[in-house]
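Report on the structure given below.
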Amino acid sequence: MSSVATTALETNLSSRSRSLQLLGILSGLTAGAWLGAAEAPTKLVTIGLSPMVISLVMVVGVFFARWSLPALILGASSIRADARRTPHLIVWAILAGCLWAVANTLTIYAIRDIGLSIAFPLWNSNSLLGILWGFLFFNELRGAGTRRWLGVLGGTLIMCFGAAILAIASSGTHAPGVNPTHGVLAALGAGVLWGTMYIPYRKAYLSGMNPLCFVTFFTIGELGMMSTLSFGTLGAQQLFHELTSARGVIFWLMLGGFIWVIGDLFQQYAAKYVGISRGIPLSNTNQLWGLLWGVLVFGELHGRSTTTYTQVIGGSLLMILGVGAIAFSSATGQEHSQWRAAAQRESTRYNLSSDFVEARMDGRQSDGEAAPSRGILDWLFVALATGVFIYFASIARVPNLSANWTPAIFLSIVTLILLVACGLRLWRTTRFQ
């Protein structure tokens with residue numbers, strides 16, 4: 001190959017890498033907005049349900065979303081094709097779902113025993129753990145240079161500090177739990193599990209599995225583990241009694257789960273295109289968005305002191321500063337080479353086609369790969385999920401809750417704009433690969 005042709009190829013690869021890097025950053029920010037918005041429907045649930053039942057119903061909504069959205073976007077045939085190429089990743093996806101369910105349950109007990117203001121900064125350690133796993137296992141930040149190391153690690157620490165300030169400001173008076181040591185351990189355990197959960201994410205995307213395929217199997221672990229925990233903790237009789245008494249609010253909880261899935265899908269693409277060391281901190285901006293919904297829409301800080309509002313503004317600015325530091329610490333060409341070396345290692349280990357893995361890393365279909373298509377089974381998935389949501393919406397009880405609808409509409413519009421902008425960019429750049 002001539003030197004001119006080689007230079008042109010390197011330029012095209014560099015341009016493609018930059019485009020995918022920007023796409024990953026936008027996906028992480030969009031994920032934060034939608035993951036934060038998922039908290040809004042749960043605010044509408046004011047009856048005394050146990051936290052375990054709330055989590056279970058949300059996961060049911062997550063399950064329907066995770067099966068219907070991939071069917072609508074790519075079709076079940078593409079999911080099956082990916083599963084046949086990388087069958088070893090199905091186990092990893094289910095394992096990741098189990099880790100998520102256990103971590104989410106631990107947060108319930110952490111908040112009960114030590115309160116949100118202490119628990120959130122502890123489990124937010126998942127960002128730092130994600131950086132560690134990304135460096136150790138997937139060659140992330142290797143060859144990145146001192147400036148980018150400082151940008152990612154420093155930005156993450158700044159975000160954690162800002163998140164701690166926000167958690168303190170947004171927490172109310174909380175009576176100490178019966179065993180605060182258990183609460184601290186639960187919060188740290190949740191952080192470890194969530195941080196470790198991203199190892200299967202990155203492993204899957206370095207092996208070429210489509211994020212939409214990964215989350216389809218991920219939700220089997222979620223629902224299976226959450227059902228096991230709910231039955232084991234409450235018992236069948238109490239669980240069914242609470243579910244029956246909660247018929248009027250099931251829709252709102254399932255809606256929260258559905259919105260959460262949209263955010264998580266973008267988080268998957270962020271993990272794929274900028275790695276877990278950058279993708280996790282960017283999507284962790286969900287706390288900032290959740291605070292906006294709580295403060296502006298539901299008036300959570302109404303009547304609080306000037307000190308509290310100062311903490312909110314200061315913590316928010318710190319989180320934005322940390323996000324900016326991470327966003328501007330884009331991967332260098334040398335780091336991308338390290339990513340490709342990690343992908344080559346995965347393809348060799350599992351006897352995958354190097355052309356297929358290379359194409360999927362670049363966000364494109366490999367040669368000879370069939371174009372996505374939807375069949376009758378896909379439309380049945382979508383119709384079933386739609387029917388379930390319509391049924392529970394028809395029996396939902398409209399809560400008597402004071403809310404400020406002007407900022408609610410504004411936040412909804414901004415969130416939808418991010419959805420459309422990032423969705424279109426994903427389609428045009430990668431066709432959701």
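Name the single residue that is modelled with the highest pLDDT among those in the stretch 7-53 being of a type in the set (Val, Ile, Thr), open to solvent by 50 Å² or more (accessible area, probe 1.4 Å) and over 23 Å from residue 405 (Cβ atoms).
Step one: filter the stretch 7-53 for residues of a type in the set (Val, Ile, Thr), giving 7, 11, 25, 30, 42, 45-47, 53.
Pick out the ones that are also open to solvent by 50 Å² or more (accessible area, probe 1.4 Å) and you get 7, 11, 46-47.
Still in the running and over 23 Å from residue 405 (Cβ atoms): 7, 11.
On the way: 7: 44, 11: 49.
Checking each candidate, the answer is 11.
Have a look at 299, 303, 279, 315 and point out the one that is among the small types (Gly, Ala, Ser), at pLDDT 85 or above and either open to solvent by less than 10 Å² (accessible area, probe 1.4 Å) or in a loop (DSSP other than H, G, I, E, B) (or both). It would help to see each step written out before you state the result.
Values: 299 fails: at pLDDT 85 or above; 303 fails: at pLDDT 85 or above; 315 fails: at pLDDT 85 or above.
The match here is 279.
For the stretch 49-106, which positions are of a type in the set (Lys, Arg) and either in contact (Cβ under 8 Å) with a residue 12 or more places away in the chain or under 24 Å from residue 119 (Cβ atoms) (or both)?
The initial filter retains those residues of the stretch 49-106 that are of a type in the set (Lys, Arg), namely 66, 80, 84-85.
If the condition is that a residue be of a type in the set (Lys, Arg) and either in contact (Cβ under 8 Å) with a residue 12 or more places away in the chain or under 24 Å from residue 119 (Cβ atoms) (or both), then 66, 85 are the ones that fit.
Can you tell me which residues in the stretch 364-410 are on the phi > 0 side of the Ramachandran plot and open to solvent by 100 Å² or more (accessible area, probe 1.4 Å)? Outline the logic, then answer.
Within the stretch 364-410, the first condition is being on the phi > 0 side of the Ramachandran plot, and the residues that meet it are 368.
Passing the criteria: none in range.
Please determine whether any residue of the stretch 197-216 is modelled with pLDDT of 85 or more, open to solvent by 20 Å² or more (accessible area, probe 1.4 Å) and under 18 Å from residue 59 (Cβ atoms).
No.
To keep it simple, each residue is scored yes or no on (1) aromatic (Phe, Trp, Tyr); (2) surrounded by fewer than 23 Cβ atoms within 10 Å (Cβ to Cβ); (3) under 19 Å from residue 264 (Cα atoms); (4) modelled with pLDDT under 85.
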{"site": "104", "(1), (2), (3), (4)": "no, yes, yes, yes"}
{"site": "112", "(1), (2), (3), (4)": "no, yes, no, yes"}
{"site": "117", "(1), (2), (3), (4)": "no, yes, no, yes"}
{"site": "125", "(1), (2), (3), (4)": "no, yes, yes, yes"}
{"site": "139", "(1), (2), (3), (4)": "no, yes, no, yes"}
{"site": "145", "(1), (2), (3), (4)": "no, yes, no, yes"}
{"site": "152", "(1), (2), (3), (4)": "no, no, no, no"}
{"site": "159", "(1), (2), (3), (4)": "no, no, no, yes"}
{"site": "165", "(1), (2), (3), (4)": "no, yes, no, yes"}
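Given the conditions (1) within 30 Å of residue 362 (Cβ to Cβ); (2) assigned to a helix (DSSP H, G or I); (3) in contact with a Lys or Arg (Cβ under 6 Å, 6 or more places away or on another chain), and given that residue 208 satisfies all but one, which numbered condition is not satisfied?
(2)
Does residue 222 satisfy being in contact with a Cys (Cβ under 8 Å, 6 or more places away or on another chain) and either among the aliphatic types (A, V, I, L, M) or assigned to a helix (DSSP H, G or I) (or both)? I'd like the intermediate steps shown before the answer.
Working: in contact with a Cys (Cβ under 8 Å, 6 or more places away or on another chain): yes; either among the aliphatic types (A, V, I, L, M) or assigned to a helix (DSSP H, G or I) (or both): yes.
When the stated conditions are applied, residue 222 passes them.
Where residues in the stretch 224-250 are in contact with a helix residue (DSSP H, G or I) (Cβ under 8 Å, 6 or more places away or on another chain) and farther than 13 Å from residue 54 by Cα, which of them is least open to solvent (accessible area, probe 1.4 Å)?
224
The values are calculated or read from the model by the stated rules, or taken from the named source; none is laboratory data. This structure is a prediction, so every number in the text was calculated from the model and none was measured. Using ideal geometry, Cβ is built from the backbone for each residue, glycine included, and neighbour counts are taken over all protein chains shown. Quick note on the areas: whole protein, heavy atoms, side chains included, nothing else; ligands and nucleic acids left out. Shrake-Rupley method; radii C 1.70, N 1.55, O 1.52, S 1.80 Å.
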